[in-house]
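Notes for the one structure printed next.
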Amino acid sequence: RKYGLGWMFLSTSLSSIHRDIIQQLRIVFFGFGLSLGSDLNTLKEMVSDPKSIQLYQSFTDPASAFNIASRKYSFMTRGPVSPLSFSGAPLFFNAFNSPSEFVKENDLDSEYHDIKSIS
């Protein structure tokens, strides 16, 4: 942080990242799939609230959707990205499937068409 340098780690398993690295992460995004074994134990160490863990475990696998349009990508975040970070509570959200869904949900239709016509 002193030099404005940041790192990003992506992994399909929490247990594959060294514990010292995990302890130093400020912002963490957890997607579906860390609900069993050593990954779940590491997740419980990082997020101590049992209700948050229970909500995380209720995430559905995006691949289990009937079609691509109905897929839901759920995430749990920890760190200063959450407005509740001062309390240590994680933030939960579902990511949008497509740019048009983002535009629709944020009522940006007119702005989106203006930008599209310019490019």
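The values are calculated or read from the model by the stated rules, or taken from the named source; none is laboratory data. The model shown is predicted, which means the values in this text are computed figures rather than measured ones. Positions of Cβ are backbone-derived with ideal geometry, glycine not excepted, and every protein chain shown enters the neighbour counts. The protein model used for the area step is the full one, side chains on, heavy atoms only, and it has no ligands, DNA or RNA in it. Shrake-Rupley method; radii C 1.70, N 1.55, O 1.52, S 1.80 Å.
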Problem - Number of positions in region 14-35 that are closer than 16 Å to residue 76 by Cβ, over 13 Å from the mean Cα position of the chain (by Cα) and not β-branched (Val, Ile, Thr) - result: 4
Problem - Failed item in (1) under 29 Å from residue 101 (Cβ atoms); (2) of a type outside the set (S, T, N, Q); (3) at pLDDT 85 or above, with residue 83 passing the rest - result: (3)
Exercise for the section: Among the residues of region 39-90, count how many are aliphatic (A, V, I, L, M), more than 17 Å from the chain's Cα centre (by Cα) and surrounded by fewer than 13 Cβ atoms within 10 Å (Cβ to Cβ). Expected result: 2
Exercise for the section: Within region 20-71, count every residue that is of a type in the set (Ser, Thr, Tyr) and closer than 18 Å to residue 97 by Cα. Expected result: 3
Practice task
Select from region 50-81 the residues that are farther than 18 Å from residue 23 by Cβ and assigned to a loop (DSSP other than H, G, I, E, B) and list them in ascending order.
Solution key: 58, 59, 60, 61, 65, 66, 67, 71, 72
Completion exercise
Checked region 1-38 for anything closer than 20 Å to residue 63 by Cβ, open to solvent by less than 90 Å² (accessible area, probe 1.4 Å) and assigned to a loop (DSSP other than H, G, I, E, B); matches are 11, 13, 31, 33, 34, 35
